[in-house]
Structure formats: structure tokens, C-alpha cells
Amino acid sequence: MHYKIVPRNKYTMKQSSASFLDFYTRKYFFIFFLSLLTTLNSWATSGKWTSKVTAGTIEYTATESKNPIKDFNGNYVTVVYLENLAFKKIGRNSIKKDVNWLLSQGYRVIELNYSKNSNARALKINEDIIAINDSIAAGSFCGFKNCSQYKSYVLFEGYRIARDVSYFVDDPKIYNTPEQYIVGDSLHMDIIYPANSKIKDSI
């Protein structure tokens, strides 16, 4: 049996090396691109917000949901999350866990960090809640001009929200209604509740 050895010239070796490098370049570029998409999908910004409660500025961090929910005008449903307040947190989850849960539900989350300022308690904290609502209604809060004016919420740390909970459905049979009206109208409410409290809730 005879074997024929085919010599590899410099051109062949260079071509093989180029193909090898090209494969790894594409591979690592793809990994980098996926990482970039993940980062952009949960993009967070930070800055300062002027607080009436602390009579100064406090830090805010705003994070977008990967799957944001919007109102009928196309604006982002937003939760303003007040944290490190001067009173005991009822919910026993970590702030990170509750914020991540809100993001998973589609909310834009803007965290305001009060750093345990002694004024960040009832009833003084209401001044900032009013200021937050006024700013969102005016169309500008923490640099955002597209927070929903109809479906934005202020939550204390340790709380979550259940939206559009049906609590009453009327009976179309007792009204003088068109024949097409066979399912009663439902009334809904939004419920804010402590997450993982010592006393279990039924939400």
C-alpha cells in the first residue's frame, strides 16, 4: 500500500488559519451581541431628584422592563418605588427581589433612595408623593416624558401591586338592556399589598 503525501503550501496554511480565526471572531461577536441585547433590555439610568421631604436631592435609579406594558396612549406603566425610608418595612423580601418582580410584570421601575432620612416617614412623605404625581401629570419625571398619567403608581418598599382585580359584576338580567348584553360589566380595583409579610395575605 502506498501513501501519497501532499505538501501544504503557505497559501493553504494561511487560508486555514484565516478560516479558523474567522470562525472564532464570529462566535465571540455573537456572544458579545447577545450580552449587549440583554444589557439594553434591562437598561438602567440614575440621577438626582429634588425631594421636598429631605429638602435636598436624593438618588434615583430607573430600570426598564424587558417586556414593558403601556397604556392606551402608548406611555409606560410606571412604578415609583420609595426605599430606605425612616419606618419599618413590612414586606420581608429584599428590595432587589421586589424590584425584579415588578420588572418581570412589565413595569418601568423608578427607585427613589431616601437613605433613612428622618423626615421620610408619615405624614411628611406625602409631600413627595404629591410632587411625584404632579410631575408625572405634567409630563416630566426623572427625565422621562412618557410615564403613563393614568396607570402609574407609588409604592413603599416591601409592597407589590395587583392591578385590575375584579370585585363586582352586574347582572344584565335585572336591567332593561339589549339582547346582546349577556355578560355583566365588571368593576375593577388595584390592590397594593405587602409582599411576604409575617401575616399572610390572600392576593
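Values quoted throughout were computed directly from the atomic coordinates according to the rules given, and no laboratory measurement underlies them. Predicted, not measured: the structure shown is a model, and the values here were computed from it. Don't worry about glycine lacking a Cβ; one is built from the backbone with ideal geometry, like all the others, and counts go over all protein chains shown.
Backbone phi angles across segment 69-76, fed through the Karplus curve with coefficients 6.51, -1.76 and 1.60 (θ = phi - 60°), yield HN-Hα couplings of 9, 10, 7, 5, 9, x, 8, 7 Hz in residue order; Gly and Pro are listed as x. Computed from the C-beta positions of Val169 and Ala137, the FRET efficiency with R₀ = 41 Å rounds to 0.85. Close amide H pairs (under 5 Å, H built 1.01 Å from N) link Ser65 with Arg108, Val109, residues at least 5 positions away or on another chain. Peptide packing for 180-189, 77-86 was compared via the average number of neighbouring C-beta atoms within 10 Å per residue; ordered from the highest value, the list is 77-86, 180-189. Taking each residue as 0.36 nm, the span from Ile129 to Asn146 lengthens on full extension beyond its C-alpha to C-alpha distance by 4.3 nm.
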